[in-house]
1. Name the residue farthest towards the positive end of the dipole of the chain from the options Ser258, Thr81, Thr229, assuming +1 on Cβ of Lys and Arg, -1 on Cβ of Asp and Glu, about the Cα centre.
2. So which lysines can Lys307 reach, going by Cα to Cα under 20 Å and dropping same-chain residues fewer than 8 places off?
3. Reported to two decimal places, what Rg/Rh ratio describes region 177-243 when computed on Cα atoms with Rh from the Kirkwood expression?
4. Amide H of Asn309: which non-local residues (sequence gap of 5 or more, or other chain) have their own amide H closer than 5 Å, using H built in the peptide plane?
5. How large is the charge dipole for region 93-149, taken about the Cα centre, if only the Cβ atoms of Lys, Arg (+1) and Asp, Glu (-1) carry charge, to the nearest 20 debye?
6. Report, to the nearest 10°, how far helix 109-122 tilts away from the longest principal axis of the Cα atoms in the chain, using its own Cα long axis and a range of 0 to 90°.
7. For Leu241, what is the net charge nearby, where nearby means another residue's Cβ is under 15 Å from its Cβ and Lys, Arg count +1, Asp, Glu -1?
8. How large is ³J(HN,Hα) for each residue in region 48-53, as worked out from phi by the Karplus curve 6.51 cos²θ - 1.76 cosθ + 1.60 (θ = phi - 60°), to whole Hz, x for Gly and Pro?
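All of the numbers you see were taken from the coordinates with simple rules; none came from a lab. In this text, all values refer to a predicted model and were calculated from it rather than measured experimentally. Cβ atoms come from the backbone with ideal geometry, glycine included; neighbour counts cover every protein chain shown.
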Amino acid sequence: MSTPAVELVGLTKSFGSVTAVDGLDLRIEDGEFFSMLGPSGSGKTTVLRMIAGFELPSAGRVLLAGEDVTGRPPFARDVNTVFQDYALFPHMDVLANVEYGLRVKRVPASQRRDRAMAALESVQLGQLARRRPTQLSGGQRQRVALARALVNRPRVLLLDEPLGALDLKLRRAMQLELKDLQREVGITFVFVTHDQEEALTMSDRIAVFSEGRIEQVASPAELYESPGTAFVAGFVGTSNLLSGDAAAAVLGRTGTFSIRPEKIHLDSDVESGNTTARGTVADVVYLGSVNHYLVDLDAGPTLTVLKQNLRDSTEQAMGRRGQQVTVGWADEHVIELSG
Ligand code: ATP
C-alpha cells in the first residue's frame, strides 16, 4: 500500500479530566475526500487541530506523508486549514487576502499575484479580486477562504465545518462545488462535520466519531447499508433499532438489529417471502416527497416506515391514522449490529 497522506497512531488528547480524543488509529489515503462525522463534543475538531499542529497530543503520533510531525509547529507542516468563520482580514481586499499565505511562505513577489489570481479563478471569484470581504456574500467569503488555503498547494487541506454558516440551499450547492474542486486539485481533504447528509454527499470515506473514539470508518454506501454499531445506524440515516425483548418479539432473535424505514413495506406493497407483522398506524408525518408512517406493532415496538408520495396523498395519509396494517420486510434487510 502507498504511504497515507495522514496517519494517526494512538492519538490521545486530555483537557484536565476530559478525554477529548481517546487512542485514535487512522489512515487517510493520498487524494481522498475524508470526513470526520459525529455529534457535538465527540472530538472531531480536536483531532483536526492536532493534525494542523494547533494542539499537541497528550499521547500518540501524527504522521504526514510518512513523516512524524507530532512536535512540529503548524507552519512547518504541509497542511492548511479552512475555519468556519473564514478568518479573512477585513482591511485587505480579496486578492491580498489570498496572497497573504504566499507572503508568509516567502514566495517571491513576482509569482504571488499570478498564483493568487489562479486560485481565485479556480473558485470562480476572479472578477471580485478587488472587493473587501465585507462586500461579499457568505458563500463568496467561503470561496475566498478556500482560495487562500489552496494557494499554497498544501498536501492536505483541513476543513472545520466550513459550510456551517451558510443557508441550506447555498450549503447544498457548495457541497457539490467543493467535491468537484477537490477532484480537480487532487489534494487530500479532511472535512469535519456533524451533518450526516453533508458527509454522505461529499466523502470517499467517513469516520464516525462518538465520545473521542471512532465507531466505524467506511464509504458512504457501506456506512448506510452496513452500519457496524447501533450508534452508527442511529446517527447515519434513520433506523429502526430492535434489541432485547423487542428483537425477540418481532424477529424471534437475540441481539441488536436495524431495519431502514425504506426497506419496510406497507400493506399492498408487502412482497411474497417477506417477514410480516401486524400493527396500527399511530401517526403519519408528511415530508413532501415521502411520508413517514409510525406503526405500533401488536408485538410491542413502534416502527418507522417510509413510503414515497407518488401523487398528492396527504388526505389519503391522514385517513390512515388508527388503521390496522401489515408491514413486511426481506430478511436480508435486517442488519445485525454490535453494541
Ligand atoms: P463540535 O462539533 O461541537 O465542534 P467536536 O466533535 O469537534 O464538537 P471537540 O471540539 O473536539 O468536539 O471537543 C471534544 C471535547 O473536548 C468536548 O468535551 C470539549 O468540551 C472538550 N474540549 C475541547 N477543547 C477544549 C479545551 N481547549 N479545553 C477544555 N476542553 C476542551
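1. Thr81
2. Cross-link targets: Lys263.
3. 1.01
4. Those lying under 5 Å, H to H, from Asn309 are Val290, Asn291.
5. Once rounded to the nearest 20, the dipole reads 180 debye.
6. Tilt of helix 109-122: around 20 degrees.
7. 0
8. Rounded to whole hertz, the list is 4, 5, 6, 5, 6, x.
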